[in-house]
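Comments concern the structure below.
Values in this text are rule-based calculations from the coordinates and carry no lab data. Owing to the predicted nature of the structure, the values given are computational and were not obtained by experimental measurement. Backbone-built Cβ (ideal geometry, glycine too); neighbour counts: all protein chains shown.
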Amino acid sequence: MFYDNQGFMNMTTILVTGAIGQIGSELTMALREKYGEDRVIATDIRTPSDAALLNSGPFEILDVLNENHITRVMQQYRVTAIYHLAAVLSAKGETRPNLAWRINVGGLYNMLEVARQYKCSLFFPSSIGAFGPSTPKERTPQDTIMRPETIYGISKLAGELLCDYYFKRFGIDTRGVRFPGLISYETKPGGGTTDYAVEIFFEAVKHMKYTCYLKPDCSLDMMYMPDAIKAMMDLMEADASRLIHRNAFNVTAMSFTPEILADEIRKYIPGFVINYKVDPVRQEIADSWPDSMDDSAARSEWGWKPDYDLEAMTADMIEKINYSSR
């Protein structure tokens with residue numbers, strides 16, 4: 001935990017795995033701004049092309065399947081908290097299920113083991129992908145039936161259970177959320193089913209048209225990246241005595257379809273045109289996920305509340321993309 005019982009910040013050294021991914025790149029910079037650049041160790045299997053990420057603090061090559069890599073970094077930096085983000089995402093996972101299982105489950109197991117050995121706290125992001133077609137789709141409860149049918153969802157559900165096990169069996173301070181689709185203007189998505197909600201903005205600004213791979217009425221939960229970063233940091237700083245669930249909290253900010261999003265974009269780009277060429281693989285995955293999640297447990301146990309709804313997110317995305325393309 002980042003705070004002691006008196007509420008004062010503990011001196012902590014944070015390790016981020018998957019630091020050059022869609023979430024990791026922005027989380028790393030936010031953590032460095034709050035806790036100090038030298039106290040946040042960014043790691044990934046390749047060197048980042050982003051100069052700001054590379055030069056703003058320590059970076060190490062780390063393969064979460066290589067125990068020697070992990071041990072070296074843990075000992076060198078005396079890590080006390082881990083944000084474990086290294087993963088293979090949903091659409092890519094269906095093309096390489098063996099790799100997805102090895103990284104998503106084997107990699108998490110390795111990080112949990114070092115968290116146990118070095119007495120670290122650990123954050124693990126789960127996903128709406130951990131649910132399945134038999135899960136209630138509207139206002140999906142925090143605690144409900146979970147029978148995912150993708151390797152990504154199966155691996156995320158296994159991860160939730162592993163984190164619960166390490167907390168109950170070994171007392172490791174594990175915490176996590178179930179993210180919906182995440183939207184960001186800074187980092188390109190990496191093979192997720194909800195990537196359309198990022199791609200559509202760039203195509204709208206640059207070309208005023210977009211061909212979507214999901215059906216126009218496919219409703220999914222979404223969240224703007226600043227809220228995702230806030231959720232992770234707030235949960236890790238929360239008072240442990242208030243946490244009933246601890247891992248896999250439902251968190252969400254908005255729910256919309258491609259057509260609803262296109263209509264919102266047209267408020268800023270009136271000539272925007274959306275077409276559809278449905279990808280059956282990604283559509284099948286999306287159909288197995290909730291339309292909307294009930295995040296009341298996160299709101300009551302650690303004060304979760306998003307800052308961005310669809311209107312605020314759309315306005316900010318278009319403004320930021322326009323600014324960066326000047």
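Things to note:
- Between helix 310-324 and the chain: long-axis angle, C-alpha atoms, 0 to 90°, nearest 10: 90
- Dipole check for segment 113-185: with +1 at the C-beta of Lys and Arg, -1 at the C-beta of Asp and Glu, and the Cα centre as origin, the magnitude is about 120 Debye.
- Highest-first packing order for the peptide set 270-278, 282-290 is 282-290, 270-278, based on the mean count of other beta carbon atoms within 10 Å.
- About the Cα centre, charge dipole magnitude for the chain (Lys/Arg +1, Asp/Glu -1 at Cβ), debye: 660
- Working note: 222 nm ellipticity from helices only, DSSP H runs with n ≥ 4, each -39,500 (n - 2.57), summed and divided by the residues of the chain, gives -12500 deg cm²/dmol to the nearest 500.
- Principal-axis analysis of the Cα atoms of the chain puts helix 108-118 at an angle of about 30° to the longest axis.
- Under the Debye formula (equal points on every Cα, no solvent term), log10 I(q)/I(0) of segment 132-291 at q = 0.08, 0.11, 0.13, 0.15 Å⁻¹: -0.28, -0.51, -0.69, -0.88
- Rotationally averaged projected area of segment 91-204 (alpha carbon convex hull; nm²): 8.4
- Between 0 and 90°, nearest 10: helix 22-35 axis offset from the chain longest Cα axis: 50
- Considering only the chain, percent of DSSP beta bridges that pair antiparallel, nearest 5: 15
- Ordering 210-216, 70-76, 236-242, 127-133 by mean Cβ neighbour count within 10 Å, with the highest value first, yields 127-133, 210-216, 70-76, 236-242.
- For Cα extents along the principal axes in Å, the value calculated from this model appears in (i) 53, 41, 39; (ii) 75, 49, 48; (iii) 55, 46, 40 under label (iii).
- Listed residues 146, 56, 180: farthest to the positive end of the dipole of the chain (Cβ charges): 56
- Cα centroid separation - segment 215-247 against segment 249-326, whole Å: 14
- Orientation-averaged projected area, Cα convex hull of segment 189-280 (nm²): 7.4
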